[in-house]
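The values are calculated or read from the model by the stated rules, or taken from the named source; none is laboratory data. No experiment lies behind these values; they were computed from the predicted model shown. Cβ: placed from backbone, ideal geometry, glycine included. Neighbour counts: every protein chain shown. The accessibility values were calculated without ligands, DNA or RNA, using every heavy atom of the protein model including side chains. Shrake-Rupley method; radii C 1.70, N 1.55, O 1.52, S 1.80 Å.
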Amino acid sequence: MSSTTATHNLTKHWQELDARHHIHPFTETQALNKKGVRVIVKADGVYLWDSEGNRLIDGMSGLWCVNVGYGRAELAEAAAQAMRQLPYYNAFFQTTNPYATELAAKLASILPEGLDRIVYANSGSEANDTALKFIRYYWNLQGKKDKKIHISREYAYHGVTMAAASLSGLTPMHPQFDLPLPGFVKVPTVYWYGFGGDQDPDAYGISVARKLEEKILELGPDKVASFSAEPIHGAGGLMFPPDSYWPEIQRICRKYDVLLHVDEVITGFGRTGRWFGSHTYGIAPDIMSMAKGISSGYQPISAVALGKRMGDAFATANEELVHGFTWSGHPVACAVSLKNLEIIERERLVERVHDDIGPYFQKAVASLADHPLVGEVRGKGLLAAIELVKDKSQRTFFDRQIDVGTMCRNHCFSNGLVMRAIRDTMVLSPPLILTREQADEIVRLARYCFDQTAKQLGLPTK
Ligand code: PXG
């Protein structure tokens, strides 16, 4: 048997097992099983390999998380060392471990001013559920027991647990599970290309921020506990706020005493060219969620940081905080995260995104704007979105039924590029170690795949 046949047989074997036993997230099971799942078997730097030996450049850092790139032996060693020394102990019952403590202090040193108390969880969703519980508890401690409504934005993605999914504004996430829960309210989001029309972006930013004010006044400020938002919408379509938006949101939250919960699960750890998206946009959160890049995806871990107001209230409450997970502050996950932050600092990856590869990448991706399918290219740091449209001069979108985004994504996969499609917006979020040559490779492949998509649609490529 030739080695290609053996490889192919192995792929088939995994596909059969997977079809029989593995239910995938956000996937139509029957359709996938008919087609056969793709098996990724190894990764190094910014590249992935599938079980058929095909190499792909990972324009998405896994799911927006492998900030330091794949194949970091140092992270494997940090995990092994912690596993040998202390594979597990918990943070309940007045104990800690050195890794959890040192990581909390390290996070406090890089977080925006005032966010210096850390609570651990294991995923972005758990961090957001934790944040919402803490917001409720904070208002209970203040004796404001009616402040219970959580406002968030349409198109937001905050995760899938009961509360995080309720907070999410992507409506297809709700009906299967009878969500959202009561007490979760949405306001329109800031998406200039889709909804801004002829308005100047800054004027649009203010007008859409004021929808929050209208909603707070409609519900009654004494009923509203919090406003949650990602600094930049990630999985909802990578929408960037105009400069006017965040200052106005903060003014409104302060005026009506609404806690500002910032979800930095995607925007944290250098992605935007500063440590956090809050630094990039001058946001001062009361409470922040983080995950993904905290360990560059090498370990499941997330955290919630409390600002002074909430942190002080919790630190001086004369009662037990009745919350926590078996894995809160897991030594191995914390050891890997500490080493990951050390790598980001040592290799000056945040500065690199700000001054070097970020601007280079933005310029390279912007060159795609002349393609007839491309309506808008937008980005910041190592995040970029490319809107595929039917008519760029009129800003007309394709009929959703055609699903041009998925069509394009499939061409990308077949041609060695991982690019995410959100509706018909193509999204990139590559590892922070991306080189200029690799940025060019992504853009070259993307243009080729846009051509293939245009051909499939019977549209011109020039
Ligand atoms: N908040 C934000 C802003 C996220 O992007 C979560 C919370 C939830 O994190 P967990 O660890 O519970 O998944 C996320 C997750 C995609 C995609 O396809 C995005 C996420 C997760 C899975 C897929 O873009 N973001």
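Worth a mention:
- Note, ³J(HN,Hα) from phi for the range 401-408, Karplus 6.51, -1.76, 1.60, rounded to Hz, x at Gly and Pro: 4, 5, 6, 4, x, 5, 4, 5
- Distance from the range 173-197 to the range 204-279 (C-alpha centre basis), Å: 14 Å
- Burial ranking of peptide ranges 175-183, 156-164, 347-355 (average Cβ count within 10 Å, highest at the top): 156-164, 347-355, 175-183
- Each Cα pair under 8 Å and six or more residues apart adds its separation to the average, and for the chain the resulting relative contact order is 19 percent.
- Beta bridges per DSSP with both ends in the chain, % antiparallel, nearest 5: 65 percent
- For K148, the aspartates and glutamates whose Cα comes closer than 12 Å to its Cα, not counting residues fewer than 8 places off in the same chain, are D222.
- Carbon plus sulfur fraction of accessible area for the range 73-346, probe 1.4 Å, in percent: 55 percent
- Over the chain, the alpha carbon radius of gyration divided by the compact-protein estimate 2.2 N^0.38 Å works out to 0.99.
- For the range 1-115, fraction of C-alpha pairs farther apart than 26 Å, in %: 49 percent
- Counting only DSSP H runs of at least 4 residues, each contributing -39500 (n - 2.57), and dividing by the residue count of the chain, the helix-based mean residue ellipticity at 222 nm comes to -12500 deg cm²/dmol.
- Ignoring aspartates and glutamates fewer than eight residues from K339 along the same chain, the ones with Cα atoms less than 17 angstrom from its Cα are E74, E77, E102, E347.
- For the peptides 385-392, 229-236, residues were scored by their other Cβ atoms within 10 Å and the scores averaged per peptide; the highest-first order is 229-236, 385-392.
- The range 73-346: Rg to Rh, with Rh as the Kirkwood radius over Cα pairs: 0.97
- Cross-link partners of K12 among aspartates and glutamates (Cα-Cα below 19 Å; sequence separation of 8 or more within a chain): D50, E52
- Radius of gyration and maximum dimension Dmax of the range 385-462, Cα, Å: 12.7, 37
- Simple Cβ-charge dipole of the chain, Lys/Arg +1 and Asp/Glu -1, about Cα centre, in debye nearest 20: 420 debye
- Cross-link check: pairs K145/K308; K42/K390; K106/K380; K42/K186; K363/K462; K292/K363 evaluated at a Cα-Cα cut-off of 30 Å; pairs beyond the cut-off: K42/K390; K42/K186.
- Among 30-38, 356-364, the order from most to least packed when residues are scored by Cβ within 10 Å on average: 356-364, 30-38
- Solvent-accessible surface of the chain, taken per residue with a 1.4 Å probe and all protein chains present: 45 Å².
- One chain, two ends: L10 and E319. Fully extended at 0.36 nm per residue, the span grows by 105.6 nm beyond their Cα-Cα distance.
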